[in-house]
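Below is one structure; the comments refer to it alone.
The values are calculated or read from the model by the stated rules, or taken from the named source; none is laboratory data. This one's a predicted model, so the numbers in the text were calculated from it and none came from an experiment. Positions of Cβ are generated from backbone atoms using ideal geometry, with glycine treated the same way; all protein chains shown enter the neighbour counts. Ligands, DNA and RNA are excluded from the accessible area calculation, which covers all protein heavy atoms including side chains. Shrake-Rupley method; radii C 1.70, N 1.55, O 1.52, S 1.80 Å.
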Amino acid sequence: DRVLGEGGMGFVYEATHEVLNRRSAIKMLRPELSTHEQIVTRFLNEAKAVNLIDHQNIVNVYDYGDSQDGSVYFVMEFLEGETLDDLMRKRQPMQVPLLLHVFGQIAKALAAAHAKQVVHRDLKPANVYIVAREDNPYFVKLLDFGIAQLRGASAVQGLTVAGTVMGTPQYMSPEQISGETVDARSDVWAMGVMMYRAATGQAPFKGEEFPELADKILHHVPPPAGDLVVLPQALSKLIASCLELDIARRCQSVAELIAGLERVQQESKLD
């Protein structure tokens, strides 16, 4: 029906099933890239990861295949709403109850992914969609597992080369910036960056160019979020624990992050 978005890898279209009259979104790889086996494998890796996890807060993928011009596509649910990036721009800073509600859902989706040994590696507000449901006006859908790392039995060898930098720079963990091996704690870092921005209205790391931004991430500690705005102390500490440069001192899992969010909720006496 129309183009919803375009990127270096391909296009996303809104489509309507001709028989079922069901609205869907079709993500299509550019035809010139469909001859590259590794690119096609990574593209379809997204559909595989999503169905492996199978969680209500992760976008559903229904099907994938090849089109007549040789391009590869998959079909996913059509979402009406806005990105978390849009919501954060309107709510600067975001009120604590809404922050806990939204990030609690993202964390649960991530916990399900990590339980299936899937690391997202590109968490950012643009990859989180907010849709209105009857019982939840801020229902989260996590998107874009295009560079997700599948580990264990579902892993595809050869997709990640040591020293390769993948992700969106502002939300990359120090180990991603350095091209080192990443695990679930890189997703925890990205959650910390997003929560810092949501809570304060400011990004914790800023740089005009990639080298400047990378230097800030690798060598600078941002001021505690609670120093910039009035926040529950437990929330400020939790965000700081997600942004520990030393991965061994960082919040060690999304399960630990979820427990921290619940602790903030209880201490703030929020229903």
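Numbers at a glance
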item: Extension gain (nm, one decimal) between Leu98 and Asp86, 0.36 nm per residue minus Cα-Cα; result: 2.9 nm
item: Mean Kyte hydropathy of 0.5 or more with a Cα span along the axis of at least 18 Å, helices from DSSP in the chain; result: 96-115
item: Net charge of neighbours whose Cβ lies under 13 Å from the Cβ of Lys27, counting Lys and Arg as +1 and Asp and Glu as -1; result: -4
item: Packing-based order for 99-105, 185-191, using average beta carbon neighbours within 10 Å, highest first; result: 185-191, 99-105
item: Accessible area expressed per residue, the chain, with surrounding protein chains retained (probe 1.4 Å, Å²); result: 50
item: Calculated FRET efficiency for the pair Ala255/Val230, C-beta based, R₀ 30 Å, to 0.05; result: 0.60
item: Relative contact order, percent, the chain [alpha-carbon distance under 8 Å, six or more residues apart]; result: 15
item: Rg(Cα) / (2.2 N^0.38 Å) computed for the stretch 13-152, rounded to two decimals; result: 1.11
item: Environment charge at Thr200 (Cβ cut-off 14 Å; Lys +1, Arg +1, Asp -1, Glu -1); result: +3
item: Solvent-accessible area, 1.4 Å probe, carbon plus sulfur percent, for the chain; result: 49
item: Radius, Kirkwood style, for the chain when every pair of distinct Cα atoms is counted (Å); result: 19.4
item: Helix-derived mean residue ellipticity, 222 nm - over the chain, DSSP H n ≥ 4, -39500 (n - 2.57), to 500; result: -11500 deg cm²/dmol
item: Rounded to whole Å, sorted largest first: equivalent-ellipsoid semi-axes of the stretch 1-59, Cα gyration tensor; result: 21, 18, 10
item: Where Rh is the Kirkwood radius over Cα pairs, Rg/Rh for the stretch 201-271; result: 1.03
item: With at most 16 neighbouring Cβ atoms within 10 Å, loop GluC sites (Glu not before Pro) (DSSP) excluded, longest segment of the chain; result: 210-271
item: Inter-probe distance in nm under a simple model that places probes 7 Å from Cα toward Cβ, at Leu270 and Glu37; result: 5.0
item: Cβ-based net charge around Ala248, under 14 Å, with every Lys or Arg adding one and every Asp or Glu removing one; result: -3
item: Computed E for Asn51/Ala203 - FRET, C-beta separation, R0 25 angstrom, nearest 0.05; result: 0.15
